[in-house]
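Right, one structure below, let's go through it.
The values are calculated or read from the model by the stated rules, or taken from the named source; none is laboratory data. Keep in mind that this is a model prediction, so the values were computed, not measured. Heads up, the Cβs are rebuilt from the backbone with ideal geometry, glycines too, and the neighbour counts pull from every protein chain shown. Heavy atoms of the whole protein, side chains included, go into the accessibility calculation; ligands, DNA and RNA do not. Shrake-Rupley method; radii C 1.70, N 1.55, O 1.52, S 1.80 Å.
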Amino acid sequence: MNHTFKARHAAIARWHCSVTNLRDIIATWRERSRFRGDLEQISRDNSYLIDDIGLTKRQVEAELAKSFWQV
C-alpha cells in the first residue's frame, strides 16, 4: 500500500511539474508575441525609436521574421 501511494504521489508530482512547465512555455510565447508586435508597431510608426534602443533595421527585421516559439 505504501509503495502504491508513493508511486501515485510521484506521478502527480510529475504531472504538476509538466503543467507548470507548459504554463511557463505559453507565458514565454505570449511575451515574445507581444514584444514582436510592439517592435513592429514602433518600427512602423516611430522608426527613430529603434535607433534609440540600439537596434538596426536589419536586427528588427530578423526579429519580426521569427515565429513566437523561436528565440
Could you tell me whether region 28-40 includes any residue that is open to solvent by 70 Å² or more (accessible area, probe 1.4 Å), in contact (Cβ under 8 Å) with a residue 40 or more places away in the chain and assigned to a helix (DSSP H, G or I)? yes
Check region 50-57 and report whether any residue there is in contact with a Leu (Cβ under 6 Å, 6 or more places away or on another chain), part of a helix (DSSP H, G or I) and either at pLDDT 90 or above or open to solvent by 60 Å² or more (accessible area, probe 1.4 Å) (or both). no
Flagged in region 8-27 as closer than 12 Å to residue 69 by Cα and either modelled with pLDDT under 90 or open to solvent by 90 Å² or more (accessible area, probe 1.4 Å) (or both), in numbering order, are none
